[in-house]
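Here the structure is laid out as structure tokens; the discussion comes afterwards.
Each value in this text was obtained by applying a stated rule to the coordinates, not by laboratory testing. Source: prediction; values computed, not measured. Using ideal geometry, Cβ is built from the backbone for each residue, glycine included, and neighbour counts are taken over all protein chains shown.
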Amino acid sequence: MRLKVGLILILGSIALWAAGCQRPSRQPLVSEAVLPPDIAGTWKAQDSPWKIVVSPDGTVSSAVIPMGVVEVKPNQTTKLEMKDGSYSTFKAGDCVVEYTPTTRELFVSVQMEEIHIAFLDNVIDGNSIDRFVGPVSEDGKVWTADWITVFDYGPRFPQDANDTFGGQLIFEKIEQ
């Protein structure tokens, strides 16, 4: 009996190994691809500090984030002098752009690896990732995006793992 159980376990393991637990391969929707002119450009959110510059090569050139209302660039650190003379730093990580031409859906992700805000005796240290996804209008002037943000700004500003923050933002294409 032990031999049968052992043989079944070995054969089952071999079958799982041979089949693999692979996800279907999915090519990035935009990588090293040229975006249409009506998708590339500067997108400014209504009633929000968010401003995202999407380059024709399918990358994010810069973004103005609400935390500090500062312009950041992917994989670079931005230093900002505060009104009290102290300095805050914002280190951006990877920023991802994907675009599906058939549905005109634009996806942008802005990652902040490190946020350090110092003002008077207050300090905020943390990180965040913001994701925007939604269709761009046929005329290329409006991007209606669902926005989800996940952040960790330390114990003073806790985010429950079960909560999601964000909502819907309407971006308008602006001339830069």
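A few remarks follow.
- Estimated FRET transfer efficiency (Thr103, Ser55; beta-carbon r; R0 25 Å; 0.05): 0.75
- Rounded FRET efficiency, nearest 0.05, which uses the C-beta distance separating Glu138 from Tyr87 and R0 of 35 Å: 0.20
- Cα→Cβ-extended label distance, 7 Å offset, between Asn75 and Leu120, nm: 4.0 nm
- In summary, segment 61-176 shows an alpha-carbon radius of gyration equal to 1.18 times the 2.2 N^0.38 Å reference for compact globular proteins.
- Rg/Rg_ref, segment 66-126, where Rg_ref = 2.2 N^0.38 Å and atoms are Cα: 1.43
- Summed side-chain charge close to Phe171 - residues other than Phe171 whose Cβ falls under 9 Å, Lys, Arg +1, Asp, Glu -1: +2
- Listed residues Val136, Phe171, Gly154: farthest to the positive end of the dipole of segment 136-176 (Cβ charges): Gly154
- Separation of the alpha carbons by more than 26 angstrom is noted, of Lys44/Lys73; Lys73/Lys173; Lys83/Lys141, for Lys83/Lys141.
- When only the Cβ of Lys, Arg, Asp and Glu is charged (+1, +1, -1, -1), the dipole of segment 54-140 relative to its Cα centre reaches about 100 debye.
- Put a dot 7 Å past the Cα of Glu175, heading toward its Cβ, do the same for Arg156, and the two dots end up 4.2 nm apart.
- Applied to segment 168-175, the Karplus parametrisation 6.51 cos²θ - 1.76 cosθ + 1.60 on θ = phi - 60° returns per-residue 3J(HN,Hα) values of 10, 10, 9, 9, 10, 6, 10, 7 Hz, with x for Gly and Pro.
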